[in-house]
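One structure below.
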There are 2 protein chains.
Amino acid sequence: MELILTEKHTDGYSVNWKIKETLHVEQTKYQHLAIVETYEFGRALVLDGIIQTTVKDEYMYHEMIALPALMTHPNPQKVMVIGGGDGGTIREVLKHPAVEQADLIEIDERVILACQKYLPEISCALTDSRVRIFVEDGIEYVQRHKDKYDVILIDSSDPIGPATNLFHESFYKNVYEALKIDGIMVCQSESPLFNRELLGNVHKSVKNLFPITRTYLATVPTYISGFWSFTMGSKQYDPLNAEIPLDVVNRLKTKYYNADIHKGAFVLPEYVAELFR
Amino acid sequence: MELILTEKHTDGYSVNWKIKETLHVEQTKYQHLAIVETYEFGRALVLDGIIQTTVKDEYMYHEMIALPALMTHPNPQKVMVIGGGDGGTIREVLKHPAVEQADLIEIDERVILACQKYLPEISCALTDSRVRIFVEDGIEYVQRHKDKYDVILIDSSDPIGPATNLFHESFYKNVYEALKIDGIMVCQSESPLFNRELLGNVHKSVKNLFPITRTYLATVPTYISGFWSFTMGSKQYDPLNAEIPLDVVNRLKTKYYNADIHKGAFVLPEYVAELFR
């Protein structure tokens, strides 16, 4: 028997992953959840039929959603991660020596539990004493907290299903208010090629709120088009002016992020740059 | 009837393109050649079952194989393109105002003819008076020319079939000798994720010959992993020190390349940078 997981990115374009083993399948309160072992990219978390992260290339996404903001902020002590129940973003956050508290706000506890059981390389940091886990809707959690966080990372799934409202300006406004006076937020803002309108809207919404707004890019083969965007809103610190201390970067033991990438990721191909003019 | 073109990138990972129409199919002397109309990315050139270029994203590849070298060289008058029978690289070469002669060396005339008939957006520049077309093995052509070209671009297909020998150091040595004393070569050097060993070998071979060797990257969704590498060998000019005249760049009417990308494309994620240490 040959098992194939087909992800239909669009009507005319789909990707087939040959599956060695299906480790876990369930319908949670919020979504269809599976953990599979792919031949090509190792174990993977699948939500509503879409691969969210794989053992082989998860570091590209997780390093790049977390480290540019953490290395831009001079002293990121309190960090919030919204979504990201797999724990990969928290793992990267905790690499920064200044971090004292990392709060994970994940709506679906079943994602956390499945990743803790089947994806230990990704979820390993969730048991760290600096981590607090809140199983709750990020939108509601953020509304109750004002002026408390140095960095907030919005590690959502695609804007369908439970994550839809995490792409709205009203949500970003609450994130703005949950940040301290010099706070920084980053959200994943989808493919610059396949989700151009959404990326343009996210950038515009963030720009309406934050004095410094910068979209940056990373390559993640697992995601459609292999190319992913992140949008940063910052109250005071510009990532392009950040002095990146090499001794700190070297201790992070990264596989994607480095001091050059910190600047290079913000360089946009013309077809992306024109979205924001 | 639903037509699907499946590209098997590896045993465990493949991509399905839904096909609206098959415009042309033939077995040439060198390879299986087809032109198809995809739903997602428009018309595409397919060689031996692998999509080489599509109307939707071809500019990313063609601008990035051609323009970094042309904008690094202060006066690129004579340019050679090896392979690239679709004409896209020649089109980008001719955008540079200094270019007086652009020679295309393509082994398979059928590729040129099919692209001229079915992909006019890509092949349009092949009728320009500055272009000379030589239907010939690039390896033999290069051997007969010494000290003649300012820039040589190696726009090969994958290192299987007719292009295999275009990835060997002995070939790069002949390219070196075909270049003038301040010449620059660029070759496409495959996916930094799926073809790591090959990329490492290409970089090493070029470095054995050229005083300045730089690998740079671009995102091209059509190619496996969505992420592609190019390796530049330069006798005198370092692309990182090039002064990019903005008035010239603006006249190029690019959709991917710009003055920031000229530098940003050379910034390597850690997992690529480590290949060359």
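The values are calculated or read from the model by the stated rules, or taken from the named source; none is laboratory data. Everything numeric in this text was worked out from a predicted model, so none of it was measured. Every residue, glycine among them, receives a Cβ derived from its backbone with ideal geometry; neighbour counts consider all protein chains shown.
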Search result, residues across the range A:203-217 that are outside any helix (DSSP H, G or I) and more than 14 Å from every other protein chain (Cβ to nearest Cβ): A:Phe210, A:Pro211, A:Ile212, A:Thr213
Failed criterion for A:Lys18 (all others in (1) assigned by TED's automatic domain parsing to the domain that holds A:Leu104; (2) free of Cβ contacts under 8 Å to residues at least 24 places away in the same chain hold): (1)
Some residue of the range B:21-29 being touching an Asp or Glu at 6+ places or on another chain (Cβ under 6 Å) and within 11 Å of chain A (Cβ to nearest Cβ): no
Considering residues of the range B:218-228 that are among the polar types (S, T, N, Q) and within 8 Å of chain A (Cβ to nearest Cβ) only, the residue nearest to the chain's Cα centre (by Cα): B:Thr219
Residue in the range B:139-149 that is within 21 Å of B:Ala34 (Cα to Cα), in contact (Cβ under 8 Å) with a residue 40 or more places away in the chain and under 17 Å from the mean Cα position of the chain (by Cα) present: no
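Would you please name the residue that is farthest from the other protein chains (Cβ to nearest Cβ), looking only at residues in the range A:4-20 that are of a type in the set (A, V, I, L, M, F, W, C) and within 24 Å of the chain's Cα centre (by Cα)?
The initial filter retains those residues of the range A:4-20 that are of a type in the set (A, V, I, L, M, F, W, C), namely A:4-5, A:15, A:17, A:19.
Narrowing the set further to residues that are within 24 Å of the chain's Cα centre (by Cα) leaves A:5, A:15, A:17.
On the way: A:Leu5: 10, A:Val15: 6, A:Trp17: 6 Å.
Within the range A:4-20, the match that is farthest from the other protein chains (Cβ to nearest Cβ) is A:Leu5.
Taking the criterion of being buried (at least 22 other Cβ atoms within 10 Å of the Cβ), under 30 Å from B:Leu5 (Cα atoms), more than 16 Å from the chain's Cα centre (by Cα) and not charged (D, E, K, R), would at least one residue in the range A:54-69 satisfy it?
no
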Hits in the range A:47-63 (condition: out of contact with any Asp or Glu (no Cβ under 7 Å at 6 or more places or on another chain) and under 16 Å from B:Ser225 (Cβ atoms)): A:Thr54, A:Lys56, A:Asp57, A:Glu58, A:Tyr59, A:Met60, A:Tyr61
Residues satisfying the stated conditions in the range B:234-277, i.e. more than 13 Å from chain A (Cβ to nearest Cβ), within 21 Å of the chain's Cα centre (by Cα) and charged (D, E, K, R): B:Lys235, B:Asp238
Top-ranked residue of the range B:19-44 - restricted to ones that are surrounded by fewer than 19 Cβ atoms within 10 Å (Cβ to Cβ) and basic (Lys, Arg), ranked as nearest to B:Asp86 (Cα to Cα): B:Lys29
Among the residues listed as A:Gly200, A:Gly226, A:Gly264, the single one being touching a helix residue (DSSP H, G or I) at 6+ places or on another chain (Cβ under 9 Å), closer than 25 Å to B:Thr254 by Cβ and modelled with pLDDT under 95: A:Gly226
Criterion (modelled with pLDDT of 95 or more, among the acidic types (Asp, Glu) and either assigned by TED's automatic domain parsing to the domain that holds A:Val142 or closer than 22 Å to A:His73 by Cα (or both)) met by exactly one of A:Glu177, A:Glu169: A:Glu177
Meets criteria (within 24 Å of B:Asp260 (Cα to Cα), out of contact with any His (no Cβ under 9 Å at 6 or more places or on another chain) and either without any contact (Cβ under 8 Å) to a residue 24 or more places away in the chain or not small (Gly, Ala, Ser) (or both)) for A:Phe227: yes
Exclusive hit being touching a residue at least 12 places away in the same chain (Cβ under 8 Å) and more than 26 Å from B:Val99 (Cβ to Cβ), set B:Leu209, B:Leu198, B:Leu179: B:Leu198
Failed condition for B:Glu243, given (1) part of a helix (DSSP H, G or I); (2) without any contact (Cβ under 8 Å) to a residue 12 or more places away in the chain: (1)
All positions within the range B:44-61 that are within 13 Å of chain A (Cβ to nearest Cβ) and in contact with a strand residue (DSSP E or B) (Cβ under 8 Å, 6 or more places away or on another chain): B:Ala44, B:Ile51, B:Thr54, B:Lys56, B:Met60, B:Tyr61
Residues being outside any strand (DSSP E or B) and in contact with a Phe, Trp or Tyr (Cβ under 9 Å, 6 or more places away or on another chain) - total across the range A:176-193: 7
Single match in B:Val248, B:Val186, B:Val175, B:Val206 (criterion: out of contact with any Lys or Arg (no Cβ under 7 Å at 6 or more places or on another chain), aliphatic (A, V, I, L, M) and surrounded by fewer than 20 Cβ atoms within 10 Å (Cβ to Cβ)): B:Val248
Within the range A:1-35, tally of residues that are in contact with a Phe, Trp or Tyr (Cβ under 8 Å, 6 or more places away or on another chain) and of a type in the set (A, V, I, L, M, F, W, C): 7
The one condition in (1) buried (at least 17 other Cβ atoms within 10 Å of the Cβ); (2) away from chain B (no Cβ under 13 Å); (3) in a loop (DSSP other than H, G, I, E, B) that A:Thr231 fails to fulfil: (3)
